[in-house]
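Laboratory data are not the source of any read-out in this text; all were calculated from the coordinates shown. This one's a predicted model, so the numbers in the text were calculated from it and none came from an experiment. Cβ: placed from backbone, ideal geometry, glycine included. Neighbour counts: every protein chain shown.
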Amino acid sequence: MLGDLIGDMQGRIIGRRVLDAGEGHVVVEVSFEGSGSYYGTAVTGFGTYESELRADGTLHGEGQGVDMTADGQSVVWHGSGIGRFTESGGTSWRGSLFFHTVSPGLDRLNHVVGLFEYEAAADGKSTASYHEWK
């Protein structure tokens, strides 16, 4: 069941790299940056994920990243998800995130599993929202 809103992010893809390709098997690395908030605290950050195109046309991805507050507090995350290509040339993802921070102000993130919705448009702009999994 979806719980409280953790936050949201707006960003853009800043790099793509093919890691493996051949015989219908493709693995792509995507790097992105953005800004948003966790529980009302503003953050900026960046991350990288690898996505694998599966035989049925869906995508499987795993990634990691770091987000920071203006005063230098940081949150690292690791995630995994399933994606698909959209009719407009972008991708749409759903998955889970696990957070870790030593920041007292963001400690709540250490105790939740985040469920995410991530949309990347064909032009590289992206949006994401995160909810607690209760």
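Could you work out how far apart the two model spin labels at Asp4 and Arg94 are, taking each label as a point 7 Å from the Cα in the direction of the beta carbon, and quote it in nm?
Between Asp4 and Arg94, the label points sit 2.4 nm apart.
What's the extension gain from His111 to Lys134 if we count 0.36 nm per residue and subtract their Cα-Cα distance?
7.2 nm
Using a cut-off of 15 Å between beta-carbons, work out the net charge of the residues near Val18 (Lys and Arg +1, Asp and Glu -1, Val18 not included). Spell out each step's value before the answer.
Details: positive: Arg16, Arg17; negative: Asp20, Glu23, Glu29, Glu50, Glu52.
Local charge sum for Val18: -3.
Would you kindly state how much longer the chain becomes between Thr44 and Thr127 on full extension, computed as 0.36 nm times their sequence separation minus their alpha carbon distance, in nm to one decimal?
28.6 nm
What fraction, in whole percent, of alpha-carbon pairs in the chain exceed 24 Å separation?
Summing the P(r) tail past 24 Å for the chain gives 27 percent.
What's the local net charge at Thr101, with K and R +1, D and E -1, over the other residues with C-beta under 10 Å away?
Details: positive: Arg108; negative: Asp67, Asp107.
Local net charge: -1.
Out of the DSSP beta bridges found with both residues in the stretch 2-133, what percent are antiparallel (nearest 5)?
100
Using the Cβ atoms and a cut-off under 15 Å, what net charge is assigned to the surroundings of Gly45, where Lys and Arg are +1 and Asp and Glu are -1?
Value of the local net charge: -3.
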